[in-house]
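Enquirer: Here you go, one structure.
The values are calculated or read from the model by the stated rules, or taken from the named source; none is laboratory data. Since this is a predicted model, take the numbers as computed values, not measurements. Because the Cβ atoms are built from the backbone with ideal geometry, glycine has one as well, and the counts that use them run over all protein chains shown.
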Ligand code: PGA
């Protein structure tokens, strides 16, 4: 089993000053907790403005935390007003780029073709991809879900090899469970993740689906984090609103550490 992962994306929330305060509290907490840093993959995806100061702070404090961006351009450089270069992200020490989030698709009209170009650019720049996938509506029929995941994965990652998948974290985010009071039901999530692993095994071979890092996102809060992290097919949690309070994030990191000892 891969290390458990605890990550957060703040979307368009927190000023640089607010973000640094949050990070300082987390850093202070993790400073003498080497066993947590060694066993849990922690990532933070703040607003674009906070990426660089966060990376500097993490270097200064010698912490094992990866910083990511919420989006990037499919080109490395040039006349693309308002865009963020994956090459520049790499140069400043970022580790991840989140792509394919439902809000990018619904509000900013990104389609799979564009997301495919972006994952290619992220891979070219040797950054890791956090690729969000998920069905729009709740669906209990396994074969329907399988086909939805297969279509999404093959449209975006169909040109990747099983080796390339090592640089990908799949964030399973059922669109209907984002921004709600609680996550999707546990059994439903585990079943969806099994489907995703199946899609990967059948289409990329080498049992890569069994090894794939797959995390759950969509209304994750400390109350359900332990149950989510304990699911057989899950390797982590991707937290939105539930991590805006740093103490909740610390609580979830601790829960992941607890679960990782038994998983
Ligand atoms: P939420 O966001 O936890 O605030 O629902 C999750 C997400 O969009 O990844």
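Enquirer: I'm told residue 188 meets every condition in (1) more than 15 Å from the ligand (Cβ to nearest atom); (2) in contact with a helix residue (DSSP H, G or I) (Cβ under 6 Å, 6 or more places away or on another chain) except one. Can you identify the failing condition by its number?
Expert: (2)
Enquirer: Right, another one. Please determine, by comparing only the residues of region 44-57 that are under 16 Å from the mean Cα position of the chain (by Cα) and crowded, with 21+ Cβ neighbours inside 10 Å, which one is nearest to residue 261 (Cα to Cα).
Expert: The qualifying residue nearest to residue 261 (Cα to Cα) is 44.
Enquirer: Counting just the residues of region 100-138 that are within 16 Å of the ligand (Cβ to nearest atom) and under 13 Å from residue 164 (Cβ atoms), which one comes out surrounded by the most Cβ atoms within 10 Å (Cβ to Cβ)?
Expert: Within region 100-138, the match that is surrounded by the most Cβ atoms within 10 Å (Cβ to Cβ) is 129.
Enquirer: Filter region 11-32 for residues that are outside any helix (DSSP H, G or I) and at pLDDT 95 or above and give the result.
Expert: Step one: list which residues in region 11-32 are outside any helix (DSSP H, G or I), which gives 11-15, 31-32.
11, 12, 13, 14, 15, listed by residue number.
Enquirer: Oh, and also: Conditions: (1) under 30 Å from residue 136 (Cα atoms); (2) outside any loop (DSSP other than H, G, I, E, B). Residue 87 meets all but one. Number of the miss?
Expert: It fails just one condition, (1).
Enquirer: Of the residues 2, 57, only one is touching a strand residue (DSSP E or B) at 6+ places or on another chain (Cβ under 7 Å) and either outside any loop (DSSP other than H, G, I, E, B) or at pLDDT below 95 (or both); which? Step through it out loud before you land on a result.
Expert: Details: 57 fails: touching a strand residue (DSSP E or B) at 6+ places or on another chain (Cβ under 7 Å).
2 is the lone residue from the list that is touching a strand residue (DSSP E or B) at 6+ places or on another chain (Cβ under 7 Å) and either outside any loop (DSSP other than H, G, I, E, B) or at pLDDT below 95 (or both).
Enquirer: Taking the condition of being within 16 Å of the ligand (Cβ to nearest atom), within 20 Å of residue 136 (Cβ to Cβ) and crowded, with 22+ Cβ neighbours inside 10 Å, how many residues in region 156-176 meet it?
Expert: So the first thing to find is which residues in region 156-176 are within 16 Å of the ligand (Cβ to nearest atom), and the list is 169-176.
In the following step, the residues that additionally are within 20 Å of residue 136 (Cβ to Cβ) were identified as 170-176.
Those left that are additionally crowded, with 22+ Cβ neighbours inside 10 Å: 170-174.
Total satisfying the criteria: 5.
Enquirer: List every residue pair whose Cβ atoms lie under 6 Å apart, where the two residues are 6 or more positions apart in sequence or sit on different chains, the first residue falls within region 158-184 and is over 19 Å from residue 223 (Cβ atoms), and the second residue, located anywhere, is part of a strand (DSSP E or B) and more than 16 Å from the ligand (Cβ to nearest atom).
Expert: 167/128
Enquirer: Just one of 148, 153 is more than 16 Å from the ligand (Cβ to nearest atom), out of contact with any strand residue (DSSP E or B) (no Cβ under 6 Å at 6 or more places or on another chain) and under 23 Å from residue 4 (Cβ atoms); which is it?
Expert: Details: 148 fails: under 23 Å from residue 4 (Cβ atoms).
None of the other options fit; the residue is 153.
Enquirer: Being without any contact (Cβ under 8 Å) to a residue 60 or more places away in the chain and under 13 Å from residue 22 (Cα atoms) is the filter here, so list the residues in region 231-246 that pass it.
Expert: 245
Enquirer: Yes or no: region 235-247 includes at least one residue that is in contact with a helix residue (DSSP H, G or I) (Cβ under 7 Å, 6 or more places away or on another chain) and farther than 17 Å from residue 5 by Cβ.
Expert: Checked against the condition, which is being in contact with a helix residue (DSSP H, G or I) (Cβ under 7 Å, 6 or more places away or on another chain) and farther than 17 Å from residue 5 by Cβ, region 235-247 yields at least one hit.
Enquirer: Which ones in region 1-43 are within 16 Å of the ligand (Cβ to nearest atom) and loosely packed, with under 14 Cβ neighbours inside 10 Å?
Expert: Answer for region 1-43, where residues must be within 16 Å of the ligand (Cβ to nearest atom) and loosely packed, with under 14 Cβ neighbours inside 10 Å: 12, 13.
Enquirer: Taking the stated definitions as given, is residue 200 crowded, with 24+ Cβ neighbours inside 10 Å and more than 11 Å from the ligand (Cβ to nearest atom)? Walk me through it before giving the result.
Expert: Values: crowded, with 24+ Cβ neighbours inside 10 Å: yes; more than 11 Å from the ligand (Cβ to nearest atom): yes.
Considered against the rule, which asks whether it is crowded, with 24+ Cβ neighbours inside 10 Å and more than 11 Å from the ligand (Cβ to nearest atom), residue 200 comes out as yes.
Enquirer: Now, a different point. Quick test for you: out of 211, 252, 193, pick the one residue that is within 16 Å of the ligand (Cβ to nearest atom) and within 17 Å of residue 40 (Cα to Cα).
Expert: That would be 252, the only listed residue that is within 16 Å of the ligand (Cβ to nearest atom) and within 17 Å of residue 40 (Cα to Cα).
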